[in-house]
1. Rounding to the nearest 20 debye, state how big the charge dipole of the chain is about its Cα centre with +1 on each Lys and Arg Cβ and -1 on each Asp and Glu Cβ.
2. With an 8 Å Cα cut-off and a minimum separation of 6 or more residues, compute the relative contact order for region 1-72 in percent.
3. Along Cα→Cβ, 7 Å out, is where each label goes; now give me the distance between the ones at ASP534 and LEU273 in nm to one decimal.
4. Can you put TYR390, TYR498 in order, fewest other beta carbons within 10 Å first?
5. Would you work out the charge dipole size for region 491-617 about its Cα centre, treating the Cβ of every Lys and Arg as +1 and the Cβ of every Asp and Glu as -1, and quote it to the nearest 20 debye?
6. Pairs of Cα atoms under 8 Å, at least six residues apart: use those to get the relative contact order of region 491-617, whole percent.
7. Fewest to most neighbouring Cβ within 10 Å: what's the order for LYS578, LYS439?
8. Among LEU92, VAL317, TYR492, flag the residue with its Cα farthest along the positive direction of the charge dipole of the chain, charges on Cβ as +1 for Lys/Arg and -1 for Asp/Glu.
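Since every read-out is calculated from the coordinates, none of them should be taken as a lab result. It should be emphasised that the depicted structure is a prediction, and the values quoted were computed from it without experimental measurement. All Cβ positions, even for glycine, are placed from backbone atoms using ideal geometry, and neighbour counts span all protein chains on display.
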Amino acid sequence: MEPDQELTRHYRIQLRSCGRGLSPPSLGRGLHCHLIKSGLLRRLPSLSSALFHFYSAVGSPSDLLRSFRSLSLPSTPDWTALISSFSRRLSLPSTSLRLFRLMRRRSSAPPDSVCLLSLLYAASRLSDPDAAATAHVLFIKLGIPFSVAACNTAVLVYGKCGLLREAWMMFDEIPEKTVVSWTVLLTTVLKWEGINRGRQVFDKMPLRNEVSWCTMVCAYIEAGLVSDALSLLAHMVANSIRNLNHISFCSLLSACSQSGDLCTGRWVHVHLLKTSDFDENESLMVSTSLIDMYSKCGRIESALKVFESTFQKNIVVWNAILSGLSLHGMGREVLNVFQRMISDGTCKPDDITFVSLLTACSRSGLIKNGWKLFHDLTHIYGLTAKVEHYACMVDLLGRAGHLDEAKNLVRDMLVQPNEVVLGSLIASCSLHGKLDLAKQLMHELVQLYPNNTEYHILLSNLCTTTGKHYEADFLRKSMQKQGIRKSPGISYIEIHGYMHKFTAGDKSHPLTRELYVMLDEVMRRLCFAGYIPDVSNQISRVEEREERELLLSVHSERLAVCLGLLSTKPGSQIRIFKNLRICSDCHTVMKLISGLYEREIIVRDRNRFHSFKNGSCSCSDYW
Ligand code: ZN
Ligand code: ZN
C-alpha cells in the first residue's frame, strides 16, 4: 500500500472509533487540529469526509456545518448523515428540513431511505404535513421500499396534523403492522375521533404492549371515566402486564393529577408498592409524580407522606413538594421546607424552586419574605431573576395593594416584561379599582399580544366594577368584533367513580330538575343566613339586578356542589375541579354552604386549592 493510503486508512479508523464513542471525542478533535497543523489535511483531502462523519456523530451544529462545507462533492451518505444528525441527535428539526431542501436544490445525489425517514421524523416533531407528504411522495417516486418504521412515523405525522384519512391510508398500507403501528394509530384515533372509536381500535389490536395499555387507560382518566380506567387497569394486570416501567407509572400518575382523579391515582400507588422494582433514579421520578398527583388531587398530607418516605431526595422531589404546598396556599410550610432543604445541603435551589417559593409568598401575602427571597435568588444563590420570578413578585405586590412598588419593579426589570407580568399587574389594578393604571398597561399589552383574550376581559370587568358602563360596553363590542370570547367555565365533580361535568346554567344532566330544586333551596337558606349576592364582577352588564343575580346563581361550581350535596353521604367531603378561577361570589357561597351543610368542600380552580370548612376558606380570602 502507498504510504499516503496507509496514512489515510489509519486516520479514518481512529476518527471512526471516536465517532462511535469507542474513543473520547476530544481525541477526534485533537486529530483534526493535528491534521490541519501538519498540512496533512491538504495532502489527503479524502479525510474531510471522515472528519465530517466524526462530527456528525458527536459535534455541535456549527462543527457539523463547517466540516460539511469542506466536502468538495457531498454524496448521498454525507447528506443523510447531516440531515439525520440535525433531525434526531441535535433535535433541530426545522434546520434539518431546511438542509433537506438545500440538498434537493444543490445536489444531484438522490435521498436514501434513512434520509427520508429523518425527514419524516423532523416532520412529526414539527407537525408539518407538507414535509411528510414530500417524504411520502419521494419514497414512491424513487422506488424505495417503505420500512415499517417509516410507515409508523408517517402515520404519526398525519395523525398529529389531524389528517385522519391519510393516517388511516398509510396504516392500511403497512404490510406487517407491529404493535408500534397499532399504538400510533390508537393515539391518533383517541385524539381526533374520541374515546369510543379509540376503544374499538384498542379492542381490535392483535398485540398490545405496556404503552398501548397505558395510552388507553390515560385516555379514560383524562375523559373523567374513572370506573372505565380502573376496570381496564385490572384487565391489564390480569393480562400479564404486571410490572409497569417507571415511564408508564409516571404517565398514568400525570393523567390522574391533570384530571384530579384521586381514585385511579391511589390504585396506581397501591399497585406500585406491590410490584415496583426500580433503580434509584427511576424511583425518584415515580416519587415526584406521586407527590404531584396527591397535591393536585387535594391530598397534601399524602403528598407529604410520600415526600418524607423518599430517600436521597433530589431537587426535582423538593421542588414537587414545594409547589404542592404552594398550590395549597401553605406559605409558612413552604418556607419551612425550603429551610430544611438548605440545611440538608445536598441540593441547590434552582429557578423552579424560586417560582414555587415566590408564588407561595404571594398566595399567603408574605411580602417581606418575598422580597428577601427575590434578593437572595441572585445575591446568595447565584441565579438570574427570570421573567417568571418577576411575575411572582408583581403578583405578590399587586395583590397586597402595593401597586406603585409593583409598577416600579416592572419598569426596572432587566428582562422584557411579558404578558404574564403585565397581566398580573392589571389583575391587581382590577382588584384595587385602579382604572387609569390598568388602561395604560392594557395599551402596552394589546400591542405586545394582540390575540390574548384574557386581558380584554379583565379590563372590561374592571370598567364594569368601577361603574364605567359605557367603556365596558365599548370594550365588549370591540372584543366581539375581534372574535374574542370568554372561555366557558366548566366544573367537574366525581361521584362514585364517574366524573360529572357542568357549564354555567347547564341543563344537560339527567338530574337537572332535582339539581335546580336543590339550588333554590340552598340559595334560600343562604339568604336567610344573610348572604347578599355580589354582582359587581359580571362580565355581561345585564340591566336588571335580579337577572344578574340569576346568572351568578347558576355558575357551574354551584351546580356541581348541589350534585355533591344530593348524591353523597351527609358529612362527607365534596371535591370540585374548575378550569377557571373561582369568582368571589361563588367563593362566598362555598364558605356559607360549608358551614350550613357541615361539609368540607374542596375546590381546585385554575390557580390553587380552596378548602372550605365551617364557613371559612383555607386561603383566608387571599387568592
Ligand atoms: Zn362564580
Ligand atoms: Zn378560598
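1. 1180
2. 32
3. In this crude label model, ASP534 to LEU273 measures out at 4.2 nm.
4. TYR498, TYR390
5. Using only the charged Cβ atoms, the result is roughly 480 debye.
6. So the answer I get is 26 percent.
7. Going from sparsest to densest Cβ surroundings: LYS439, LYS578.
8. Checked the options; the winner is LEU92.
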